[in-house]
Amino acid sequence: MDITNYVVLAAVLFAIGATTVLLRRNAIVVFMGVELMLNATNLAFVTFARMHGDLTGQVLAFFVMVVAAAEVVVGLAIIVTIFRTRRSASVDDVNLLKG
Amino acid sequence: MNEVIGLAPWLVGFPLIGAAILLLGGRATDRWGHWLGVAASAASGAVAFILMFRMIGTPAEDRSVDHHLWTWLSAGNLDVDLGIRLDPLSMTFVMLVTFVGTLIHIYSVAYMDHDPDRRRFFAYLNLFVAAMLTLVLANSYLLLFVGWEGVGLASYLLIGFWDTGRPSARENAVAAKKAFVMNRIGDMGLIAAMALLFAHAGALDFGTALSEDSVGTMSQATATAIGLCLLLAACGKSAQFPLQAWLGDAMAGPTPVSALIHAATMVTAGVYLMVRSGAILEAAPTAQLVVVLVGAVTLLFGAIVGCAKDDIKKALAASTMSQIGYMMLAAGLGPAGYAFAIFHLLTHGFFKAGLFLGAGSVMHAMGDQTDMRRFGGLSRFLPITWITMGLGWLAILGIPPFSGFWSKDGIIEAAFIPVEGQPWRAWVFGTVAVLGAAITAFYMTRLFFMTFGGRRPRWTENQHPHEGSPLMWWPLVFLGVGSAALGLVLGIGGTFTTWLEPVTGHAEHHEPVLPVPVIITATLVVVVLGALLAFRMYAVNLVPEEAPRGSVLTRAARKDLYQDAANETLVMKPGYGLARVVQVGDRDVVDRGWSVLPQAVSWFGGVFRKAQTGYVRSYAAGMAGGVLVIAVVVWLVVGLGGAQ
């Protein structure tokens, strides 16, 4: 199968994730968008690793997974805390840091 | 000497401990505090007597002893030591301060009897004595300065002692501040002199700084500068022209304070400084001439003011100024004058303390009245005060054999001694000194007869004058006897001059421009004439109860020859103007100038602040857009480049 398809799939997944991040207000959904973007990137890494016959891309994919796992732990904790104090998970309500 | 020198710190220690106990003990010491104050001062006096007898028994050349106490600070090759110098000069002061000081303490017990703050008063008196003793016992300018400031502080506290609960409270507080601020100007002079001296000699102790090595290598300009700075200091402390304005107002304090300031402590410090620094002054003839000039001006200034004052204390204050002027004049005359400056200081200490305490006794009897136009005929009611003040009056007039004669006559003779190359000096200063003696005779006789003489009392209603308690008149008796006899005891055969010789150096004998008997006779004649004039005006003629308008000079003298107006016009108003200019300059030029920079930064920041909306999604959009832009740019550059 043509390897280009994998790259296109990764790009499509990334675009969906980015759109989700930009358009949705619910923090959980935004978070899912981020996960989607990360995994799209992983797919691209693996694809290019295959293409070049080099394991570096696969190793990087593992790194991204580890980071993503840690990020989920911290991110969900933040979201839960915000929800507890504000009774809302909308990212637009959390705007105290505006200049 | 060396076996008893260990006692010397106790001279300062006793009154200092007394002050500490009274101030820290607070109200708990109210009942017996005044007696503690008296005891502290008396203990110091007892130590002084022991040291004095020991010193008399020591050969003259061994009488100067430096006693190292401890090292104040030690840094690199700089060592600042604290030590005591006991020599005939400091011993004279110690005797005067402790003896007269103790008498004033005893007097105050009765005088301040009804004052609720009597204990605090005694604490300050003890502090005053301790500070003055530190000043005269110090063996370096640095420790002298500690005492110098201590005296300034104590005088401030005492002049403003009645600063609450009286109609004149505000005035008293202002008088205290005035004294303090004017003294501060003099203190600047002392600091500057110390700095110059340190720069030259590298040390401030008398042993090094005033030694032949130090003074001998001093340039004329340095010596003159140091001499003038020291003179400024002395002017502040001793109320000499042009820093004399605080002395009259200082009468706001309780009368024993005036006695203490004028007789034993404070104003004598300037004369002490001049005599102690004699070596420097002798190296600077210009500075010496200025000292003599200041003395002569103040002498006449005080005497003229004294003639017009109706307030008994203010008249005495003007008299002090004038008498200290005599001492300054003598101190500027070199070794021939030093001994007489100190001798006059000593006799003046006795008769002026007696006169002030006598005035206090009169005020006590007359219900705090100070206007002499409301006294008169008091000799029958206050016989002890009358006699003791009479002795003081004869002493200050310089009538032989009373004490003032021996000291003041010495100064007048010294003033007539010609100075090489400046023949006018002997005549000018000699004449001023004689003239001063005549005016002194006038105003003191005026004061004496307005108070005690006159056939018709001019009292206000309901006054029943009577002598105070024995606690008040015993000190008067002691001081009266001192005023009468001290000069005779110390003056005959030059005993006192010989006593001070180890410090002041031996004065070569010079003949005055006029023969000595002529000077003495002339002085006595003008003194008697001045006294007779005053007697005619104020004892024979009736004294009006309201002050007559008087001549231009009288009106000027009543206003202290416009010293306050002069100070305000020449110093205060330009000072205010300068302060205003600086204030406006600081606010409108410096402040505003520098505010431009932070304002610019703030505005610049404001522009970028708008980007911070607080919406996470807009940041994300920004990042996505940014990545897109970078990608497009990379594609354009690399992609198009690759295509070629």
Original post:
Tell me, in nm to one decimal, what length is gained between B:Arg31 and B:His68 on full extension, where the rule is 0.36 nm per residue of separation less the Cα-Cα distance?
Top reply: 9.5 nm
Original post:
Can you list residues whose amide H is under 5 Å from B:His67's amide H, if they're 5+ apart or on another chain and H is modeled 1.01 Å from N?
Top reply: B:Ile84, B:Arg85, B:Leu86
Subject >> Spin-label model distance (nm) - A:Val72 vs B:Trp474, 7 Å beyond Cα toward Cβ >> reply: 10.4
Subject >> Over 22 Å between alpha carbons, listed pairs B:Lys352/B:Lys408; B:Lys313/B:Lys559; B:Lys408/B:Lys559 >> reply: B:Lys408/B:Lys559
Subject >> For the protein assembly as shown: rounded, prolate or oblate by the Cα gyration tensor [a/c cutoff 1.5] >> reply: prolate
Subject >> Exposed-loop-free span, longest in chain B, where trypsin sites (Lys or Arg not before Pro) count as exposed if DSSP calls them loop and at most 14 other C-beta atoms lie within 10 Å >> reply: B:32-454
Subject >> Segment B:His466-B:Ile630, extension gain: residue separation times 0.36 nm, minus the distance between their alpha carbons >> reply: 48.1 nm
Subject >> Label point distance in nm, B:Met572-B:Asp115, each placed 7 Å from Cα along Cα→Cβ >> reply: 2.6
Subject >> Amide N proximity, region A:3-46 versus B:Arg617 label position 7 Å along Cα-to-Cβ, cut-off under 11 Å >> reply: A:20-27, A:30
Subject >> Cβ-derived FRET efficiency at R0 51 Å, B:Ala579 paired with B:Lys610, nearest 0.05 >> reply: 0.65
Original post:
For chain B, what are the per-bin percents of Cα-Cα distances with bins 20 Å wide, up to the bin holding the maximum?
Top reply: 18, 48, 19, 5, 5, 3, 0
Original post:
To the nearest 500 deg cm²/dmol, what mean residue ellipticity at 222 nm is calculated for chain B from DSSP H runs of n ≥ 4 alone, each contributing -39,500 (n - 2.57), summed and divided by the residues?
Top reply: -22500 deg cm²/dmol
Original post:
For chain B, which DSSP H helices look membrane-span-like by this rule: Cα extent along the axis of 30 Å or more and mean Kyte-Doolittle of at least -1.0?
Top reply: B:33-56, B:88-111, B:169-201, B:285-308, B:335-365, B:423-452, B:470-491
Original post:
Suppose R0 equals 41 Å; then what is the FRET efficiency for B:His510 and B:Glu61 from their Cβ-Cβ distance, rounded to the nearest 0.05?
Top reply: 0.95
**OP:** Be a star and scan region B:501-531 for residues whose amide nitrogen sits under 18 Å from the point 7 Å along the Cα-to-Cβ vector of B:Ile399.
**Re:** B:520-531
Subject >> FRET efficiency, 1/(1 + (r/R0)^6) with R0 25 Å, evaluated for B:Met188 and B:Asp586 via beta carbons >> reply: 0.60
Original post:
Measuring from a point 7 Å past the Cα of B:Trp427 along Cα-to-C-beta, which residues in region B:525-548 have an amide N at less than 17 Å?
Top reply: none
Original post:
Hey, if you put +1 on the Cβ of every Lys and Arg and -1 on every Asp and Glu Cβ in chain B, which of B:Ile630, B:Leu36, B:Leu11 ends up farthest toward the positive end of that dipole?
Top reply: B:Ile630
Original post:
At what distance in nm do the modelled label points of A:Arg25 and B:Ser595 sit from each other, each positioned 7 Å from its Cα along Cα→Cβ?
Top reply: 4.4
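Each reported figure results from applying straightforward, stated rules to the coordinates on display, with no laboratory input. Quantities reported herein were computed from a predicted structural model and do not represent experimental measurements. Here Cβ is always computed from backbone atoms with ideal geometry, including for glycine, and neighbour counts include all displayed protein chains.
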